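Working notes, beginning with the structure itself.
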Amino acid sequence: MPLETPVRIVTELARRGYNAEQEAVTLLSGAGVPEHAVEAVVDHAADDALRITAADVRAALAESGADEDRSANGTAGGSAAEAASGETAPRTDPDEHPFVSTGDQSSETVGAGDKTGLRDGSETVAETADSIPPGAVEEAARGSAADAADAVDRTADPSLRSLDIVGDVTGRSTGTGEYGDFVTVFRDRYEKLSKQLRGRVNHRPTEAIGSMSGGSDAAIVGLVNDIRSTKNGHWIVELEDTTGTFPCLVMKDRKFAGLVEELLLDECVAVEGTLSDDGEIVFVDSMYFPDVPRTHTPNTADRHVQAALVSDLHVGSREFEAGAWDRFASWLHSEAAASVEYLLIAGDMVEGVGVYPGQDEELDIVDIYDQYEAFSERLKDVPGDMEVVMIPGNHDAVRLAEPQPGFDETLRDIMSAHDARITGNPSLVTVEGVNVLMYHGVSLDEVIAELPEEKASYEEPHKAMYQLLKKRHVAPQFGGKTRLAPEERDYLVMEEVPDVFHTGHVHKLGWGKYHNVLAVNSGCWQAQTDFQKSVNIDPDVAHAPILDLDTLDMTVRKFAYSSG
Ligand code: D5M
Ligand code: FE
Ligand code: ZN
C-alpha cells in the first residue's frame, strides 16, 4: 500500500535534514509530482536552512515549474522519495493496529506483580506491563464521577518521599552557538560512550590503524560519520574518533548486517575485524553498541508508592481534552489513587504559539502566558500533596535545541501554585530510589523515520525507545527533527542506566521492558488535530500509565470516554 503523500514528504525532508512547516507540506503534497517538488525545494533552500517554510515552497515551485507537470507519473518508481519511504517510513493504515498499543509482548516478565493497585476493589483490573492485551486498559472514566464523590483525604506522609534530579542543563548552559562548541559536545559524547565500549574490544585510534599492515586484526570505537551502500549491496560505515576517520565494510551476507539498518549518524559503536590487504578498510566481523547490560537490576522503592506518567497536555489547543483531564484529576483524589504520590509530566504542557503556520486557527488560547495560566489551573486540580516533576517539550516556551533548559522565572511564577519541580529536557529524576529518565521524545520521530518498521514505529513507540537505550543516547542523530545545542558536555548521553525511561511527543501509548528497563511512552491529552489527521497520526488520548515504584509494574488508566 503506498504511503500517504504528506508522510512521504515529511520523511524525505527529514532524511535530508529539514524540518517542515505544516503549510509547506500541504503545498508540496498538492504539487503535480511531489517528489519533483521536494527536489526543487531542497535545491532552492539556503545552505543553513533547518526548516522548509511555505514561502520556500512557493518560491521553489515558481522557479522550477515543478508544479506544472501534473500529468507525469506520480508513482515515480525508484525516486529518492520512494526509496526513503519504502521500508522505514511509519505505517499509516489506522486499521492495521489497535487503538491502544499492547506493550512489548516479547519483553521479559515484569516481576511477580501483585501490588497492582486494586485497593478500590471495584471495576478495575490491573495488569502488568508485559501482559496487557489490546483494549484491556483500565476504564476509569465512567467510575470517575463516583471516585470524585467519595474523594478521600489523602494521608500520604511527605516525609517518606525522596526526589533528586541529576543531569539537568538548567542554569548551566554554556553554549554560545560557535562551531567550536559542537566540537566540544561531540568530543564529550565520544569520551563518555567510548568508555562504555572500551572493555569489549581491543581498539586502536583510527590514525594508528592507518599505519598498520594489511591483514592485521583491527578494532575501532567511533562515532558513525557516514553510512553508504556499495553497488553490490554491502555497507561502508565510516567511523570517526578523535584522531580521524576510517571506513569499515560490512558484507551484506553477514549475520549482523541487519544492524547497519539500526545505525544513526553520530551514534557511538565499536567494530572488530581484519584490515584489508592494502590496509585501506576494515572488514567487520562484529559490531557492538554501548547498550544496557542484560544483568541490569533496577532499583525499586522501599514502600508501596506510585507515580503517574503523563505528557503532551497541549493546554491552549482547541483539541485539549479538558473533560478527560478533569476525570483524571478527580480520580487522583479518590481512594484508588491514594498511593499515587508523584506526577511526572514529560513535556508539551501547552500548545504554544507559532509552533507551526496556521496554528492560530487551532488555538483556544492565543497568548502563551495565558496558556501557562490555564495549564497552572489544571495543575491545581491535582491533589496539592502530590509531588509534580515537569520537563519542557517542543511546544513549550523554551529553546527548541536539546538539551532544553527548564522553564524560566516568569513561567515558573505562573506555574508556582503546585510547587512543581521544574527541570530540563532530558533529566534523570530519582524518585524514591528509582531512576526515571524523563525525555520529551523529539528524536523518536527521527528513529521511526530512519529504522525499519519492525524496529521502530508509531504503533510501538517503546521499541524506538529501546533503540535509544541501546545507543545510550536520547537523540544521537540531529539536523532533521532534532536540534542539538552546542554545550560543553553532551547532556543527552545516558551515562547511567535508567530504571524507567519516560517519553512522550509522538502522542502514542506504548510500553515494554528492554534489558529490565521499563520504557513508557505516555500518549497525550490532545485529540487529533487537523494536521495529525493529514499525516495519519492517530493519537492515544487520555491514558495515564500508573507505575508502582516498589515493583516497577505498570497499570494504564484510561480517562477518555470510549466511543462504543
Ligand atoms: O508532535 C506530535 C506528533 O506529530 C509527533 O510525532 C510529531 C508529529 N508532528 C507534529 N508536527 C509535525 C510536522 N510539522 N511535521 C512532521 N511531523 C509533525 P507534537 O510535538 O505534539 O506536535
Ligand atoms: Fe506533543
Ligand atoms: Zn512534542
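The values are calculated or read from the model by the stated rules, or taken from the named source; none is laboratory data. In this text, all values refer to a predicted model and were calculated from it rather than measured experimentally. With ideal geometry, Cβ positions are generated from the backbone for all residues, glycine too; neighbour counts draw on all protein chains shown.
Here are the numbers for this structure:
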{"quantity": "When residues of the stretch 289-342 are limited to those that are over 20 Å from Arg161 (Cβ atoms) and among the β-branched types (Val, Ile, Thr), the one farthest from ligand 3 (Cβ to nearest atom)", "calculated": "Thr295"}
{"quantity": "Breaking point among (1) away from ligand 1 (no atom under 16 Å from the Cβ); (2) crowded, with 23+ Cβ neighbours inside 10 Å; (3) polar (S, T, N, Q), for Thr482", "calculated": "(1)"}
{"quantity": "Sole residue being over 12 Å from Phe328 (Cβ atoms) and within 16 Å of ligand 3 (Cβ to nearest atom), chosen from Thr551, Thr529, Thr555", "calculated": "Thr529"}
{"quantity": "Residue list for the stretch 203-217, filter: touching a residue at least 24 places away in the same chain (Cβ under 8 Å) and of a type outside the set (Ser, Thr, Tyr)", "calculated": "His203, Pro205, Glu207, Ala208, Ile209, Gly210, Met212, Gly214, Gly215, Asp217"}
{"quantity": "Scope the stretch 377-406; condition away from ligand 2 (no atom under 16 Å from the Cβ) and under 25 Å from the mean Cα position of the chain (by Cα); matching residues", "calculated": "Leu379, Glu387, Val388, Val389, Arg399, Ala401, Pro403, Pro405, Gly406"}
{"quantity": "Residue list for the stretch 499-530, filter: within 10 Å of ligand 1 (Cβ to nearest atom), more than 12 Å from the chain's Cα centre (by Cα) and crowded, with 24+ Cβ neighbours inside 10 Å", "calculated": "Cys524, Gln526"}
{"quantity": "Residue under evaluation Asp360, criteria (1) farther than 30 Å from Ser334 by Cβ; (2) of a type outside the set (A, V, I, L, M); (3) within 16 Å of ligand 2 (Cβ to nearest atom), criterion not met", "calculated": "(3)"}
{"quantity": "Residue among Tyr466, Tyr458, Tyr491 that alone is among the aromatic types (Phe, Trp, Tyr), in contact with a helix residue (DSSP H, G or I) (Cβ under 8 Å, 6 or more places away or on another chain) and outside the structural domain of Ala257 (by TED's automatic domain parsing)", "calculated": "Tyr458"}
{"quantity": "Tally, over the stretch 494-511, of residues that are within 20 Å of Pro461 (Cα to Cα) and either more than 16 Å from ligand 2 (Cβ to nearest atom) or among the charged types (D, E, K, R) (or both)", "calculated": "8"}
{"quantity": "When residues of the stretch 408-450 are limited to those that are surrounded by fewer than 19 Cβ atoms within 10 Å (Cβ to Cβ) and hydroxyl-bearing (Ser, Thr, Tyr), the one farthest from ligand 2 (Cβ to nearest atom)", "calculated": "Thr430"}
{"quantity": "Subset of the stretch 311-338 (residues that are buried (at least 23 other Cβ atoms within 10 Å of the Cβ), under 25 Å from the mean Cα position of the chain (by Cα) and of a type outside the set (Gly, Ala, Ser))", "calculated": "Asp312, Leu313, His314, Val315, Phe320, Phe328"}
{"quantity": "Failed criterion for Pro383 (all others in (1) within 14 Å of ligand 1 (Cβ to nearest atom); (2) out of contact with any strand residue (DSSP E or B) (no Cβ under 7 Å at 6 or more places or on another chain) hold)", "calculated": "(1)"}
{"quantity": "Among (1) surrounded by fewer than 20 Cβ atoms within 10 Å (Cβ to Cβ); (2) modelled with pLDDT of 95 or more, the one test that Glu341 misses", "calculated": "(1)"}
{"quantity": "Number of the exception - Tyr491 against (1) part of a loop (DSSP other than H, G, I, E, B); (2) touching a Gly at 6+ places or on another chain (Cβ under 8 Å); (3) within 16 Å of ligand 2 (Cβ to nearest atom)", "calculated": "(3)"}
